[in-house]
Structures are given as structure tokens and as C-alpha cells.
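Rule-based calculations on the coordinates, nothing more; no lab input. All values derive from a computational prediction rather than experimental measurement. When we count neighbours, we look across all protein chains shown, and the Cβ atoms used for this are built from the backbone with ideal geometry, even at glycine.
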Amino acid sequence: MTDITVDRLPETKIGESYLDEGHSLASWLTTTDHKRIGILYALSITAFFFIGGAAIGLVRLELLEPHGLFLTDEEYNRLFTLHGIIMVWFFLVPSIPTTFGNFLLPMMIGAKDVAFPRLNLMSWYLFVIGATFTIITIIAGGVDTGWTFYTPLSTLYANGNVIAAAAGVFVVGFSSIATGINFIATTHMLRAPGMTWTRLPLFVWAIYATSVVMILATPVLAMSLLLVSVERWFGVPIFNPNNGGDPLLFQHLFWFYSHPAVYIMILPAMGVISEVFACFARRKVFGYTAMVYSLMSIAVIGFMVWGHHMFVAGQSPYANLVFSFLSFVVAVPSAIKVFNWVATLYGGQIVFKAPMLYAMGFLGLFTVGGLTGLFLASVPIDIHVTDTYFVVAHFHFIMVGGSVSAFFAALHFWWPKITGRLYPDYWARFGAITMFLGFNATFLPQFVMGYEGMPRRYHVYPEQFQVYHVISTAGTVLLAVAYILPLLYLGWSLLYGNRADRNPWHAAGLEWETLSPPPKENFERTPTVTSGPYSYGEDAEPQAHTA
Amino acid sequence: MSDAPALLHEPWPSVERQREGVSFGLWLFIATEILFFSGLFLGYTLYRNLYPDAFKIAARETEVFFGTLNTAILMTSSLTMAVAARGATRGFRKMTLWCLAVTITLGCTFLLCKGLEYHDDIDNRLVPGPDFKLKPPETQIFWAFYWVMTGIHAVHVTVGIGVVTTVTLLIYRRRIPLATAAVEAMALYWHLVDVIWIFLLPLLYLMGRS
Amino acid sequence: MSSTDSTQSRRQEAFQLWKLPVAIWAALLILLAITVGSAYIPLGTFNIAINLAVACIKATLIALFFMKLSRSSSLLRLAAVAGLFWFILMFLLTGGDYLTR
């Protein structure tokens, strides 16, 4: 016989914690363990997050005075571009999927690792190299196009390293695609015995839906950035109006990626929230099937709404109508999710631990962000508030109020599992409340001034808006405190925190049945799953037993 | 058999499952590639619809001879690649290696022809810019797409040649087993590159000939 | 089984291996001849229609037989169809804008 035999790998002996598999730097940089790669991602996106945060801190400081405080026009443009590019591509898009998705997805489905472990490591290297390259080029040479790279500004007029910055984002895109392929293949091929599709935790469904968006949207971004670079470099006319080219084509391609990218940011957050609510309300998630269908339909319909970014750009009025309608449609599954979360909480025995506070913050902020999204989906209102702070406030409610809150909820929920340590809950709750207050102080005034006409991307403005800008900047300080605080108490817990047992929250789910921190192979034996997720309540039984 | 390089890798439970998984992963990548090229095809279609006459004038200047020859070369390389993928799973070591070698050679021939064609195009002042030969200005859009589409395709062929050469050498030196899922995976990729060219042929070479 | 017999059957198997791919390859070359030939006959809009139709047939042949979609699991086909579906989505919605401007 040739070598196509079904030879089984020998049963590996249960090892120590994945953290003790090697302490050298090389053991981390060459690892193919999904848990360690998750940690590598977590460290890198944290660094990028604070660089992006520093950039916007300077921007907010500049906006204290109507005539600007200390920046030139050029510097201001470069700072908000730096903030946008870092936060969108190097923090929000990879945030939850590459850290918690990498760490938890294989464990939640009872697998030893992701489908293609080496690809997973390569994807981290692409990410770090691309992102670092872009950040260096922006800081050293400057890019002032905004994160959207609109033509013809980016191709004909902008100063600075547009091509280099775009190249870095292009490389990071490959990382996104590789991660998406890995997660989809893992979910399809490596589920433990008995782990049927209807028994998957909603977090797994959310990461799956996100991955679908990643692999189908990201290549279009890659192409649009490539075309911008080619046109800028060689003067080959593709979007150049002087040769009959159409800048709107760029916007179509760009938003074909960048609107679904918003769902790349928010779908994993929705998955996290479902897990956290079920655990701290001690209830099964209300309407599991509806939750799954709404995740998947957001992923699909999310691809059909991009034109709402172009209502005033010269798109045909008929296309405006269609995109407006579809944008209302995509709100329906999001609303279903919000109602189901509320129904999950209703009648539950709610425990106000830190992850729950972050999750509840998500619920309120995401709802406001989503509802203001409906304002923007309606053409007449959008025409009024296009390119104002209203839009800025809206998408920050979704991306920061939604995604970042959920990121922190996930961080506090799974921290004991990931590190094996407990953090001081008092400080964590304090951080959660500070973040909620700081966020609202920063962004609620922006709705008001945007509605009154304050345009985005200007650092000189009429004096009537100053009061809102001052409140907003003050809120930013509070927000900064809320972001730095976890570094301190989580760092403290690594050294002095109490050891966590397998399941400190008494949560359901396969990841809680193994050690904290988990061994390299994740489980002592491959688990066999016998019931659905979220078995909370008095008749709760462990979800799996080791056969 | 025991000292042969391992066919099964973590975290897969069985070789069959792993093979299916690798093919699935590659198909997901193909979906990605379709969307990658869709931006180009979309742009081409919209501009052709806006400027049909300019596109016909411009398309007449491409070299059908090279376009057709290269199509035939790629199709033949797809044939040898398909046979290699079938032979590898059935243990035809020698035949598989020969087929892969022919595939690599044909891939290089394709690039050579492409290079000769590019040389002619540059000589004919068909690079968009101030020196461009044709009028009206919209013809430059066609040629912009010509260069970008064929250029990106050529990059794909080059990557393909690199991957196929590496895997072939590894199999030849018995560093990885003949039945590795990598052969099937790179065959899928190679066929995809062929399919993309098949659509470039009518758009870039056959338009405006009648 | 004697060694000559097994060599014989291996030859047979190798021949079988080539049969289908060569048939597909021949079909592809014939289609190539058709598409290049028809391009020089003035047929108006039908030229591009024929050329694209032939391209689609060629792509389908390669996908089904070289890429083995005809024998693949539905999972693999789903991935292929997803790519096409999103491709069409992009054309429909963007094309809709350009055609109604």
C-alpha cells in the first residue's frame, strides 16, 4: 500500500500549562500553538492601540481652542490619519478575532489547534511587519489622506508616503485573510465528536461569520489600494478624471471592503456579549437559533449596504434609494440580537462582576450607535450630517462603545483562563464604570455639534462649538485613565493575583473544563459533547465528559 | 514506511480529513482570489461600458499571437499539473515528478512570452503617460487595465512557479512524502491562475478584431 | 501476483490517469480555436458575448474536472459558489449605480 493509511497520531501525554512550554523568546516567536499566537497578537495590538490613542490624544488637545493650539494643518491631518489607520486596521479589525478567537475557538469546539498552525504563525508575522512598516512610514514621512485614501487626493495631490502606507495595509490584509481561512476551516473540520453546528457557542458562530467577511471583503481592499498605488507610482490612469477615469469607482471598491469591515469589528463583539450575558445572568441565551441566523445574515447583508457612504458623492439617486433600503434591512438582525440579549437578562440572576459591567456598557452604547446608524441610512438626514461630527460620534459608538467595550469584557471574562490568575474585581469594576462615563463624555457632545454643523477633519472651527470640544477632550482624559488602569491591575494580577481554578465564573463551555491556564494540547482527552451550549440553571450539567 | 516523512500533522485526526481540510482551505483562498480580481473586472466592465469606442481602438493594439500562444501554454501546463495531482495520490512517483517539471517549464515559457510581448508593447509606446501613442485619452484606461491585469496575473504565475519548484524539489529529495496534500493544493492554485487568464484573453486580446 | 503483471496493471492505471485530463485539454484547445477564430468574424455585440460564453465554458471545464469540483464534497463547492455569489453582488450593486446615473 502507498502511504495513504489512516494512521492515528499517538496519544500525547498531558503536559504542563502552555505558558511553561518554553520560556525563551525564541520559543514564543516560533510557536505554532494557537494560544501563544493569541498572546502575541494581544501584545502587538495593545502596543498599536496606545500609539493610535496617543495620536488622537494630541488631536483632542489641539481642538481645545477654536483656532488650534499647537499643530499645523499638515500635522493635524497626519495625526488623524495615523489614528484612523492604526485603529481600524491594526487594532479593531484584528482585535477580538486574532486574540480571543485564536485562543478560544479551537478550545470551544474541542480541537487541539487551528487547522493550519503554521499559517497562523505566518499571519502574525505578516501583521506585525505590515503594521510596523506602515506606522513608521506615517510617523517618519506622513500621510494626510485620512484612513480612506480617497482618490484623486491620494493619487494626484497628497504629499507623503501614500504608497508605502498602503503597502503595509495590503500586507496586513493578507494576515486577515489567512486568519479567516484558518478559522473557517477549523470550524468546519475539527469539531470534537458530538459538537454539532447547533451546539456551537455563539462566540464560535460570531468568529465564523467574521471570517467569512474577512476572506471575501479584504481582497477587494487589497485591489483598491493596489490600484491607488499603481496610479500614484506610474501615473497609470485608472481613477484620474483627466483621462475619463471615475474617482467614484475607487469609493465603490473601497467601501465594498470597508463597510463589511465594520461588521468584522462588531460581529466578534456580539459573540463575546452573548457568552458573558449567559454566564452572569445564569441563563441560556434567549433565542439561540435567531442569534445564529442574525449573525450570518448580518455577515451577508452587510455586503450590500456600502453605498450609504456615497449618498452625496455623486452616486445615482436610484442607487441611493436601494442602498438606503438595504441599510435599514441590515439593522433588523442587529435589533433581534439586542432584543434577545435583553430577554436573556430578563428574569436572570444577574451578577455584576467586571465582565458583566463592560458587557452592559456595550449593550447601551451599541444600541445608541446602531440607532444613529438608522438616521444616517436615511438619505435626507445623511445629506444634512455627512462629514460632520455626527458621523464621527455614530461610528465611534459602534467601534469604541461597541467593539472596544466587548474587547474589555472578553479580556476580563477569559483573563483567569488565559493567565491562570484572578484580578482584583473592585478595580476592574471601577475601570468599567470609568470607561462608560468617559466614553459618553467624549462622544455624546459630538452628536450635538455634528448635528449643528461641525465638520470632521478640521482643526479650526467657529467659537460656538468650543464648549462641546472642551467637554469631549475632558472625556478623553477619563477614557485614557480607563484604558491605562487595566494595564496596572491586570499586570499586578500576573505577579500577585490568586491562582484561578478551572472555572472561576462557574461558566458553561468546553474552554472552562480544562485547566487554567490550559495545557498545550488544550484537553486531557478529546472531549465528547453531549448537549448544547449555555447549560445554566438548576438542572445544569457539565457540557461534556471525558470519554 | 516508519522512517518516511510524516504525512499527518497536528491537529488533524486522520490523513483523509487533513487532505479534505487542505483542499477546503485552498478553495476558500480561491474565493478570496475571485474577489481580488473582481475589482479589476468590475472596473474594466464599467469603463468599457462608458467608452466602448476608445476601448475597441485600444484593444486592437494588443498582440493576439502572444495572447493565444500563452493561453495554449497555460492550458497545457494545467494538463500536466492535473495529471501530477492524480499521480501523486496513486503513488506514481516518477510520472508525477516529470509532470511537475513540465509544468514549471511551461510556466517559465509563459513568462518568457509575456516578457517578449511587454517589450513590443513598450516599443510601440503603449505605456500610458505623456508619450502614449493612441487617442482619445480614454484609450489609456484600457491600457492601464492591460498592464495591471496581466502584471498581477504574471505575479501569480511567478508565485506558482516558485511554490511548485519548491514542493517538487522537496518530493524529489524525499523530504516530504509524494502523497502530500500540498500537490493537490498547488494544483488548485495553478488551475485558478489558468482560469483567470482564460477571462483575460477575450477582454484584452479578442476585442475589436472584427 | 507476479511483478510483470503488476507492472502491466500499473501501466494500465497510468493510462487511465491521463485519459480524462487529455480529453479536457483537447476540448480546451478546440474552444480556444473557436473563440480566437470567431473574434475576426464581424458579429457586432455577439463577438464579445460568444467570447465570454466560451471563456465561461472553459472555466467550468477546468473547475469541474481539473479542479475536481465534479467529485468534491458540497463543502468545497460551497466555497467556490460563495466566491461567485459575492462577485455577482459587487457587479449588480455597482453596475446598478453606473447604469442609472
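Might you check whether a residue that is more than 14 Å from chain C (Cβ to nearest Cβ), small (G, A, S) and buried (at least 19 other Cβ atoms within 10 Å of the Cβ) occurs anywhere in region B:110-122?
Scanning region B:110-122 turns up no residue that is more than 14 Å from chain C (Cβ to nearest Cβ), small (G, A, S) and buried (at least 19 other Cβ atoms within 10 Å of the Cβ).
Please find, within region C:87-99, the residue that is nearest to B:T45 (Cα to Cα) out of those that are within 7 Å of chain B (Cβ to nearest Cβ) and among the hydrophobic types (A, V, I, L, M, F, W, C).
If we take residues in region C:87-99 being within 7 Å of chain B (Cβ to nearest Cβ) and among the hydrophobic types (A, V, I, L, M, F, W, C), then C:F91 is nearest to B:T45 (Cα to Cα).
So which of A:L190, A:L202 ends up being more than 10 Å from every other protein chain (Cβ to nearest Cβ), among the aliphatic types (A, V, I, L, M) and either buried (at least 24 other Cβ atoms within 10 Å of the Cβ) or over 15 Å from A:A222 (Cα atoms) (or both)?
Residue meeting the stated conditions: A:L202.
State yes or no: is A:L371 within 14 Å of chain C (Cβ to nearest Cβ) and either touching a residue at least 60 places away in the same chain (Cβ under 8 Å) or of a type outside the set (G, A, S) (or both)?
no
Being crowded, with 21+ Cβ neighbours inside 10 Å, in contact with a helix residue (DSSP H, G or I) (Cβ under 7 Å, 6 or more places away or on another chain) and outside any helix (DSSP H, G or I): is that true of B:T71 here?
no
Provide a single number: the residues in region B:16-51 that are surrounded by 22 or more Cβ atoms within 10 Å (Cβ to Cβ), without any contact (Cβ under 8 Å) to a residue 24 or more places away in the chain and closer than 16 Å to A:P117 by Cα.
The total comes to 1.
Out of region C:1-22, which residues are out of contact with any Ser or Thr (no Cβ under 9 Å at 6 or more places or on another chain) and surrounded by 13 or more Cβ atoms within 10 Å (Cβ to Cβ)?
The answer is C:R10, C:E13, C:A14, C:L17, C:W18, C:L20, C:V22.
Can you tell me how many residues within region A:193-217 are more than 22 Å from B:A31 (Cβ to Cβ) and within 17 Å of the chain's Cα centre (by Cα)?
2
Looking only at region A:143-164, count how many residues are farther than 22 Å from A:D387 by Cβ and within 26 Å of the chain's Cα centre (by Cα).
Looking only at that region, the number is 2.
Hey, could you check region A:486-503 for residues that are part of a helix (DSSP H, G or I) and crowded, with 16+ Cβ neighbours inside 10 Å and say which is farthest from the chain's Cα centre (by Cα)?
Among those residues, the one meeting the criterion is A:S493.
Output the number of residues of region B:153-184 satisfying the condition of being closer than 25 Å to B:L40 by Cα and either in contact (Cβ under 8 Å) with a residue 40 or more places away in the chain or surrounded by 22 or more Cβ atoms within 10 Å (Cβ to Cβ) (or both).
Here the count works out to 7.
So which residues in region A:295-324 are among the small types (G, A, S), more than 10 Å from every other protein chain (Cβ to nearest Cβ) and either buried (at least 22 other Cβ atoms within 10 Å of the Cβ) or without any contact (Cβ under 8 Å) to a residue 24 or more places away in the chain (or both)?
A:A299, A:G302
Residue by residue through region A:151-164, note down the ones that are crowded, with 18+ Cβ neighbours inside 10 Å and under 20 Å from A:V392 (Cβ atoms).
none
Any idea which of B:T103, B:T62, B:T80 is hydroxyl-bearing (S, T, Y), out of contact with any Gly (no Cβ under 7 Å at 6 or more places or on another chain) and facing chain C (nearest Cβ under 10 Å)?
None of the other options fit; the residue is B:T80.
With A:M399, A:M356, A:M360 as the choices, which residue is touching a Cys at 6+ places or on another chain (Cβ under 9 Å) and in a helix (DSSP H, G or I)?
Working: A:M399 fails: touching a Cys at 6+ places or on another chain (Cβ under 9 Å); A:M360 fails: touching a Cys at 6+ places or on another chain (Cβ under 9 Å).
Sole residue among the options that is touching a Cys at 6+ places or on another chain (Cβ under 9 Å) and in a helix (DSSP H, G or I): A:M356.
If you go through region A:343-388, how many residues are aliphatic (A, V, I, L, M) and within 30 Å of A:V322 (Cα to Cα)?
Qualifying residue count, region A:343-388: 11.
Quick check: is even one residue across region A:231-239 under 30 Å from B:P128 (Cα atoms), assigned to a helix (DSSP H, G or I) and within 9 Å of chain B (Cβ to nearest Cβ)?
Yes, the conditions are met somewhere in region A:231-239.
Could you grab me the full set of residues in region C:59-70 that are facing another protein chain (nearest Cβ under 8 Å) and in a helix (DSSP H, G or I)?
C:A59, C:I62, C:A63, C:F65, C:F66
Give me a count of the residues in region B:123-150 that are assigned to a loop (DSSP other than H, G, I, E, B) and away from chain A (no Cβ under 12 Å).
Number of matching residues: 3.
Given the conditions (1) closer than 18 Å to B:A82 by Cα; (2) within 11 Å of the chain's Cα centre (by Cα); (3) more than 9 Å from chain C (Cβ to nearest Cβ); (4) not hydrophobic (A, V, I, L, M, F, W, C), report the number of the one that B:H153 does not fulfil.
(1)
Report yes if some residue within region C:71-86 is more than 9 Å from chain B (Cβ to nearest Cβ), touching a helix residue (DSSP H, G or I) at 6+ places or on another chain (Cβ under 6 Å) and not aromatic (F, W, Y); otherwise report no.
No, because not a single residue in region C:71-86 is more than 9 Å from chain B (Cβ to nearest Cβ), touching a helix residue (DSSP H, G or I) at 6+ places or on another chain (Cβ under 6 Å) and not aromatic (F, W, Y).
Are any of the residues in region A:478-485 under 19 Å from A:F80 (Cα atoms), out of contact with any strand residue (DSSP E or B) (no Cβ under 6 Å at 6 or more places or on another chain) and either without any contact (Cβ under 8 Å) to a residue 24 or more places away in the chain or buried (at least 20 other Cβ atoms within 10 Å of the Cβ) (or both)? Before you say what the answer is, go through the steps one by one.
Residues of region A:478-485 that are under 19 Å from A:F80 (Cα atoms), as a first pass: A:479-480.
Remaining after also requiring out of contact with any strand residue (DSSP E or B) (no Cβ under 6 Å at 6 or more places or on another chain): A:479-480.
In the following step, the residues that additionally are either without any contact (Cβ under 8 Å) to a residue 24 or more places away in the chain or buried (at least 20 other Cβ atoms within 10 Å of the Cβ) (or both) were identified as A:479.
There is at least one residue in region A:478-485 that is under 19 Å from A:F80 (Cα atoms), out of contact with any strand residue (DSSP E or B) (no Cβ under 6 Å at 6 or more places or on another chain) and either without any contact (Cβ under 8 Å) to a residue 24 or more places away in the chain or buried (at least 20 other Cβ atoms within 10 Å of the Cβ) (or both).
Starting from residues that are assigned to a helix (DSSP H, G or I) and touching a Leu at 6+ places or on another chain (Cβ under 8 Å), keep the ones in region A:241-251 and report whichever is surrounded by the fewest Cβ atoms within 10 Å (Cβ to Cβ).
By that ranking, first place goes to A:L249.
What's the total number of residues in region B:102-152 that are of a type in the set (A, V, I, L, M, F, W, C) and either out of contact with any helix residue (DSSP H, G or I) (no Cβ under 7 Å at 6 or more places or on another chain) or free of Cβ contacts under 8 Å to residues at least 60 places away in the same chain (or both)?
14
(1) surrounded by fewer than 24 Cβ atoms within 10 Å (Cβ to Cβ); (2) assigned to a helix (DSSP H, G or I); (3) aliphatic (A, V, I, L, M); (4) in contact with a Pro (Cβ under 7 Å, 6 or more places away or on another chain): which one isn't true of B:I57, the others all being true?
Evaluating B:I57 over (1) surrounded by fewer than 24 Cβ atoms within 10 Å (Cβ to Cβ); (2) assigned to a helix (DSSP H, G or I); (3) aliphatic (A, V, I, L, M); (4) in contact with a Pro (Cβ under 7 Å, 6 or more places away or on another chain) leaves (4) as the failure.
Identify, by number, the condition in (1) closer than 27 Å to C:L29 by Cα; (2) within 9 Å of another protein chain (Cβ to nearest Cβ); (3) in contact with a Ser or Thr (Cβ under 9 Å, 6 or more places away or on another chain) that B:I73 doesn't meet.
Among (1) closer than 27 Å to C:L29 by Cα; (2) within 9 Å of another protein chain (Cβ to nearest Cβ); (3) in contact with a Ser or Thr (Cβ under 9 Å, 6 or more places away or on another chain), the lone unmet condition for B:I73 is (2).
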